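The structure appears below as structure tokens.
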Amino acid sequence: MIYHRKKGQVSYGEAIGILLLDSEAPFIPGDVANASTYDFPVRFQRVEGLTVAQMMNRDKAGLKKVIEAGKALQREGVRAITSDCGFMALFQKELRNELEIPVFLSSLLQITFLQQIIPRDRRIGIITANGESLDDEVLKACGIIDKKNLVIAGLETEKHFSSAFLLEEGTLDVNAVEREVVEKALNLKKLHPEVGAILMECSVLPPYGKAVQEATGLPVFDFVTMIRYVFSALVKEKRIGFM
């Protein structure tokens, strides 16, 4: 087999590029921003100056920096680009138009898929970092027009979640945040027993997906399920077995 260098590229083998907010919260295994979450290599790129507060305020002033960071990842050879914030959906259209590779910036992009696979009489429960910020603009950016079967629960008022990820105070009590997330999911199911699946919007929530699934008995989709799905399309495996 013969290989050829790619101009300007100094490392290889990273199919997924991940744009990171300019945030210094503790990102534990299972989190989108922790490389040990994946059983394949990923490449991270911080978007300088793009903060959690900006995203929660739906501030698109960082668009130019997002495009620059996306292009940097593309130059380094990634095959698709995602992010570590569901609210980066606000940049989905513009970045996709600027690049030559697939872009999937928000876990919310899975909603239209879920709407097609759950029973018609069921609804989708969305657990988000901030329910007040998850408005029509963000949903529309993900191609979500029909909202009738969506119910949204925000974590912005939860003490431990807010402290670690919205206020970025530097400490994460994993057990306390897990309790808050599970309680939010159970309450959502209690208020809306017709919920047939849960989508966790925020990139810090995948570590709690198993606990949510065990507590609710529902399918749980998150950022990592989406990233693994896209990776499986980018890097196909040859199966060896027997008949």
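Every number in this text was worked out from the coordinates using simple rules, so none of it is lab data. These figures come from a predicted structure and were not determined experimentally. Here the Cβ is made from the backbone with ideal geometry for all residues, glycine too, and neighbour counts use every protein chain on show.
For the residue pairs Lys64/Lys148; Lys184/Lys210; Lys65/Lys140; Lys7/Lys71; Lys60/Lys210; Lys147/Lys189, the alpha carbons lie more than 24 Å apart in Lys64/Lys148; Lys60/Lys210. With all projection directions averaged, the alpha carbon convex hull of the stretch 107-222 covers 6.7 nm². For the chain, the longest principal axis of the Cα atoms and the long axis of helix 174-191 meet at an angle of about 60 degrees. Applying the Karplus relation 6.51 cos²θ - 1.76 cosθ + 1.60 with θ = phi - 60° to the stretch 160-170 yields 3J(HN,Hα) values of 6, 5, 4, 4, 6, 10, 9, 8, 6, 7, x Hz, where x marks Gly and Pro.
In whole angstrom, how long is each semi-axis of the equivalent ellipsoid of the stretch 1-139, when you take the square root of 5 times every eigenvalue of its Cα gyration tensor and sort them from largest down?
Values for the stretch 1-139, descending: 27, 19, 15 Å.
Close amide H partners of Ile152, meaning residues 5 or more places away or on another chain with modelled amide H under 5 Å apart, are Ile126. Close amide-amide hydrogen proximity is noted between Lys147 and no other residue 5 or more places distant or on a separate chain, at a cut-off under 5 Å (H modeled in the peptide plane; Pro and chain starts excluded). Just checking the listed ones, Lys148, Lys184, Lys210: in the Gaussian network model of the chain with Cα springs under 10 Å, the one fluctuating most is Lys148.
Here the 3J(HN,Hα) profile of the stretch 129-137, calculated from phi with Karplus coefficients 6.51, -1.76 and 1.60 at θ = phi - 60°, is 4, 8, x, 5, 7, 7, 9, 4, 4 Hz, Gly and Pro shown as x.
A simple charge model with +1 on the Cβ of Lys and Arg, -1 on the Cβ of Asp and Glu and nothing else charged puts the dipole of the stretch 133-243 at about 680 debye relative to its Cα centre. Computed from the C-beta positions of Glu68 and Met243 and an R0 of 41 Å, the FRET efficiency is 0.20 to the nearest 0.05. Here Ile144, Ile81, Ile16, Ile240 are placed in order of increasing Cβ neighbour count within 10 Å, fewest first, which gives Ile240, Ile144, Ile16, Ile81. For a modelled paramagnetic label at Arg75, 7 Å from Cα along Cα-to-Cβ, the residues of the stretch 5-30 in reach, with backbone nitrogen under 18 Å, are 5-14, 17-20. Between Val10 and Glu48, the contour length at 0.36 nm per residue exceeds the alpha carbon distance by 11.5 nm.
For Lys148 and Asn97, the difference between the fully extended length at 0.36 nm per residue and the C-alpha to C-alpha distance is 15.4 nm. Across the stretch 209-214, coupling constants 3J(HN,Hα) worked out from phi with the 6.51/-1.76/1.60 Karplus curve, θ = phi - 60°, read x, 5, 5, 5, 5, 5 Hz, and Gly and Pro carry x. Helical runs (DSSP H, four residues minimum) scored at -39500 (n - 2.57) apiece and divided by the length of the chain put the mean residue ellipticity at 222 nm at -9000 deg cm²/dmol. From the alpha carbon centroid of the stretch 165-243 to that of the stretch 86-138 is 15 Å.
From the coordinates of this entry, volume of the Cα convex hull per residue in Å³ is computed, and it appears in (1) 138; (2) 151; (3) 129 under the label (2).
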